[in-house]
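Laboratory data are not the source of any read-out in this text; all were calculated from the coordinates shown. Everything numeric in this text was worked out from a predicted model, so none of it was measured. No Cβ is skipped: glycine too gets one built from the backbone with ideal geometry, and neighbour counts run over all protein chains shown.
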Amino acid sequence: MTQIGQPVAEPDASHDTRANSMGSLAGLLPVRRTGQRSNDLPVALRLLWIPAIAVILAVGFGMLASGLKVLADLIERLGHLSG
């Protein structure tokens, strides 16, 4: 029987610098933290992340489109001033 190397240990909350710097928000993110074997997020929160990511992407795309529209208007007005 072969021996397996060091098992992955669950990190202590006091030693997890990212969790300490982000507060309790780090425990709600749908990603695995350093040193964890898997993500310990409950199923209900994992399912809530699906529409949350869709809304975040929609808002980001809307902000990008709005910014490009403002930039296009600014370039058009600057073109009228110089011409």
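Numbers below:
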| read-out | value |
| --- | --- |
| Net length gained if the chain between L41 and A58 were fully extended (0.36 nm per residue, minus Cα distance) | 3.7 nm |
| Alpha carbon convex hull of the stretch 42-83, projected area averaged over orientations, nm² | 2.6 |
| Peptides 33-44, 70-81 ordered by average Cβ neighbours within 10 Å, highest first | 33-44, 70-81 |
